[in-house]
Amino acid sequence: MSGKKKWLASDGISMNNKTFPIVPDGFLFIIPLAVLGILCVFLEVRWAGVLFLALTLFVMWFFRNPHRVTPEDGKAIISPADGRIIKIEEVEEKEMLNEKVRKVSIFMSVFNVHVNRAPCSGNIEEISYSKGKFFAANLDKASEFNERNSVLIKMADGGQIRTTQIAGIVARRIVCWTKKGMQIQKGERFGLIKFGSRLEVFMPLDTTISVKVGDRVRAGETRIGYLI
C-alpha cells in the first residue's frame, strides 16, 4: 500500500467480527456535532442546537453497521457494497490482474450503508492506493481518475477478485481495515468510504453475472456473479 496513510484509516481499527451498530470512524463526526448541539441548546441558540442535533442523528444513521447474512454458496461472488448497479462490462484489467475480466460497478449514494464487505473468501494478495480527483462517482471517468483503493483477494482455487473503492464528489476519505497477507472471509467487513462513492468488482472472464444494470444490491448478501 502507498505510504499516504493519512487517506486510509487502516491503523488500529478493525471491524472484523464486530457487531457494534455504528462504525467507530463515525464518532469523529458524531461527538463534535452532538457537543455543539448541546452547547447551543444550553446557550439558548435553539435553532442552531436543533440543526446540530439533527446532523448528529443523520451522521449516526450514515455510519450504521447492520448485520448481514452472507450466502454460503462457495461459487457465489457477493456484492461488496450497498447501492445500485450502474455498469457491467468486459475490460482489460492492467493494474493487478493483467487480463481481460468482467467488471461490475456499484454506485453508493449518501443514503446507502457505506460499510464495504469482501466479495469472496481468500488471502489479501495486494492493496494499492492511488490519489486522484473527486468527480461524481456515477460518471465513467471516476473509475479512472478519482482517488481509489484496490484490494486483491486470491481464493483457495487460485482465482483472484479485485475490489476497488472509489471516492466521489462528496466522499473525501477512503477507509480500509485490511492489510496484505491477511485472510478474509466472504461478507467480512473490510472498509468504507465516507459520504457517497463507488465500488467496482473485477471477476474472471468466465464468471456468470447474476445482476443487471439498475438492480439494487446489498453488501454481504446479494449474489452478483457465479464462478465456473
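The values are calculated or read from the model by the stated rules, or taken from the named source; none is laboratory data. Remember, predicted model here, so these are calculated numbers, not experimental data. So basically every Cβ, Gly included, is an ideal-geometry build from the backbone, and we count neighbours across all protein chains shown.
Points to keep in mind about this one:
- The set of residues from segment 193-214 being of a type in the set (D, E) and either surrounded by fewer than 17 Cβ atoms within 10 Å (Cβ to Cβ) or outside the structural domain of K87 (by TED's automatic domain parsing) (or both) comprises just one member, D206.
- In the set (1) surrounded by fewer than 17 Cβ atoms within 10 Å (Cβ to Cβ); (2) at pLDDT 90 or above, the condition left unmet by R172 is number (2).
- Residue within segment 104-114 that is in a loop (DSSP other than H, G, I, E, B), out of contact with any Leu (no Cβ under 6 Å at 6 or more places or on another chain), hydrophobic (A, V, I, L, M, F, W, C) and surrounded by fewer than 17 Cβ atoms within 10 Å (Cβ to Cβ) present: yes
- Residue, farthest from F29 (Cα to Cα), within segment 173-227, restricted to residues that are without any contact (Cβ under 8 Å) to a residue 60 or more places away in the chain and either among the aliphatic types (A, V, I, L, M) or not in a loop (DSSP other than H, G, I, E, B) (or both): T208
- Boolean, E95 is in a loop (DSSP other than H, G, I, E, B) and closer than 16 Å to L152 by Cβ: yes
Yes/no per residue for (1) surrounded by 23 or more Cβ atoms within 10 Å (Cβ to Cβ); (2) closer than 11 Å to A118 by Cα:
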{"site": "A156", "(1), (2)": "no, no"}
{"site": "Q185", "(1), (2)": "no, yes"}
{"site": "G191", "(1), (2)": "yes, yes"}
{"site": "Y226", "(1), (2)": "no, no"}
